[in-house]
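Colleague: One structure, as structure tokens, below. Some questions next.
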Amino acid sequence: MGPLAEMIRHVLGEDPSAPLDEYSWRIWAARVQADPLVLDMGNAVSEGFRHPSALVSDDHAACQNWVRQRLDAGTLPPALLVPSAALPGTENLILFGGFVDVAYVRQTWEPSYQIRAGMVTDGGKAPSSLAGLVHRFGSTSTHPLQTRGSFSFREPVTP
């Protein structure tokens, strides 16, 4: 649901009544072998952020600067696991570097540059209940992680 939430956050903006069913999405499933650096509200400051809330802020500058500094220093990890700004209580996996997708069912693959992936749906729809869970880009409400430090995601009921 994370990728759909990110699309809703950026494409539909602040309007919770935006017609979600008018949009269709191409959704992929992937198998990834990664040992990500976990960035969360508990370690953001020790990892170089001025404030943990930067991880879920609408302003991407702090995160972009963090990546740029590590890239310049040669210390950028191959993967990050970060809190989702769009779907509070969930995480996003971010991969750096060039990857090539290969068949999801492929038995042999090279995880250093290949990702086993397959399209799950072309023209898929998000559950209508997802829209109400998304923290919208530009929202005047505060992201739950910015005030509480932790938040438990409850998967929406689907018909």
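Read-outs throughout are calculated quantities, based only on the coordinates presented, and are distinct from any laboratory measurement. Just so we're clear, the structure is a prediction, and the values are computed from it rather than from any experiment. We place every Cβ from the backbone using ideal geometry, glycine too, and count neighbours over all the protein chains shown.
Colleague: What residue, of Asp40, Asp72, is assigned to a loop (DSSP other than H, G, I, E, B), more than 24 Å from Val120 (Cα to Cα) and out of contact with any Cys (no Cβ under 6 Å at 6 or more places or on another chain)? Please lay out each step first, then the result.
Modeller: Details: Asp72 fails: assigned to a loop (DSSP other than H, G, I, E, B).
Just one listed residue meets the conditions, Asp40.
Colleague: Within region 107-131, count every residue that is of a type in the set (D, E, K, R), part of a loop (DSSP other than H, G, I, E, B) and over 26 Å from Pro77 (Cα atoms). If you could, list the steps in order and put the result at the bottom.
Modeller: Initial filter on region 107-131 (of a type in the set (D, E, K, R)): 110, 116, 122, 125.
Imposing the further condition that a residue be part of a loop (DSSP other than H, G, I, E, B) reduces the set to 110, 125.
Checking the rest, the ones that are also over 26 Å from Pro77 (Cα atoms) come to 125.
Adding up the residues that qualify gives 1.
Colleague: Check Arg50 against each of (1) surrounded by 14 or more Cβ atoms within 10 Å (Cβ to Cβ); (2) of a type outside the set (A, V, I, L, M, F, W, C); (3) free of Cβ contacts under 8 Å to residues at least 40 places away in the same chain; (4) not in a helix (DSSP H, G or I) and name the one condition it does not meet.
Modeller: (1)
Colleague: Moving to a separate point now. Which residue pairs have Cβ atoms under 6 Å apart, sit 6 or more places apart or on different chains, and have a first residue in region 78-107 that is farther than 26 Å from His60 by Cβ and touching a residue at least 40 places away in the same chain (Cβ under 8 Å) and a second that is in a strand (DSSP E or B) and not acidic (Asp, Glu)?
Modeller: Cβ pairs passing all conditions: Tyr104/Arg116; Tyr104/Ala117; Tyr104/Gly118.
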